[in-house]
Amino acid sequence: MIFRAAQLSTLVYPAAVAHGEAECIAHDRDAVAHGARALGMDFLAWHDDAGTDTEFAMICEPGKTWIAVRGTTSLRDVYTDIRATRRKFTVADGDKARIHAGGYSCAMSVAGTIATQLRARPWDDVIFTGHSLGGMIAQILAVMMPTRYGVGDRKISTITFGQPRAGCRRFARALRALDGAHVRAYHRGDPVPWLPGALSRLTPWPRYVHAGEPMAWPCSRVGIAAHKMAGYLADAAEIR
């Protein structure tokens, strides 16, 4: 399942991001649909929210619906990344969590569309996946589904790659409470999973922490080279 998540997290990136490195193989509806068929899966939807530049694909196989969220590719996404102030969010048990403001805005811009699609497939387990910013948004969407949209009567899982922190300890607890597996894969040399960091220590608000079970992978590269989705895809292929 980790390799499948890596394939779909790669599929939603544009080829122009890392041409020649097999990092990104599709970016529009037709290309994503073709890529899903090549993986032996059924394409359900491709959505691009113009306001937040949030893109995701919904792809299914028997008994499972996957939602793959694209990571950072534009200046609008960079703005989302740096909006690291925390926003109050009510989780399933009524508790108040603090989550990444930029990630929250992106999740809210597409959550209704996702919930509508999921209600049409009530028998499926759901897996949210994504790389970098896409992974953070994927976790927020997973927690939103039962809280705001009533789509919680099923197994909801998350598998992310090199994602930054999404929220505080209460958010991490809310993700863990979902009926599903939550895996956060990262390279030891990847700096992005350390973010947001400094802001978390300089304010009196609850600190950012990671959510999900960590899966640390060794990596000979350090820095942004260790963050590329191509590397995560290659490592995931070795453990399938």
Could you say which residue among 105, 157 is among the hydroxyl-bearing types (Ser, Thr, Tyr) and under 20 Å from residue 5 (Cα atoms)?
157
So which residues in region 147-184 are open to solvent by less than 10 Å² (accessible area, probe 1.4 Å) and in contact with a Pro (Cβ under 8 Å, 6 or more places away or on another chain)?
156, 162, 163, 168
Regarding residue 66, is this residue open to solvent by 20 Å² or more (accessible area, probe 1.4 Å) and at pLDDT 90 or above?
no
Do you know which residues across region 204-224 are open to solvent by less than 40 Å² (accessible area, probe 1.4 Å), without any contact (Cβ under 8 Å) to a residue 60 or more places away in the chain and not β-branched (Val, Ile, Thr)?
216, 217, 219, 223
Within region 32-46, restricting to residues that are assigned to a helix (DSSP H, G or I) and open to solvent by 40 Å² or more (accessible area, probe 1.4 Å), the one that is nearest to residue 14 (Cα to Cα) is 34
Looking at region 97-214, what helices (runs of 4 or more DSSP H) fall wholly within it and have at least 2 residues that are in contact with a Gly (Cβ under 8 Å, 6 or more places away or on another chain) and closer than 18 Å to residue 67 by Cα?
101-119, 133-148
Let me confirm something: among 87, 76, 83, which residue is surrounded by fewer than 20 Cβ atoms within 10 Å (Cβ to Cβ), within 21 Å of residue 29 (Cβ to Cβ) and without any contact (Cβ under 8 Å) to a residue 60 or more places away in the chain?
76
Kindly indicate whether any position in region 91-107 is among the β-branched types (Val, Ile, Thr), within 20 Å of residue 182 (Cα to Cα) and at pLDDT below 90.
yes
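The values are calculated or read from the model by the stated rules, or taken from the named source; none is laboratory data. None of these values were measured; they are calculated from a predicted model. Quick reminder, even Gly has a Cβ in these numbers, built from the backbone with ideal geometry, and neighbours come from all protein chains shown. In case anyone asks, the SASA skips ligands and DNA or RNA and just uses the protein heavy atoms, side chains included. Shrake-Rupley method; radii C 1.70, N 1.55, O 1.52, S 1.80 Å.
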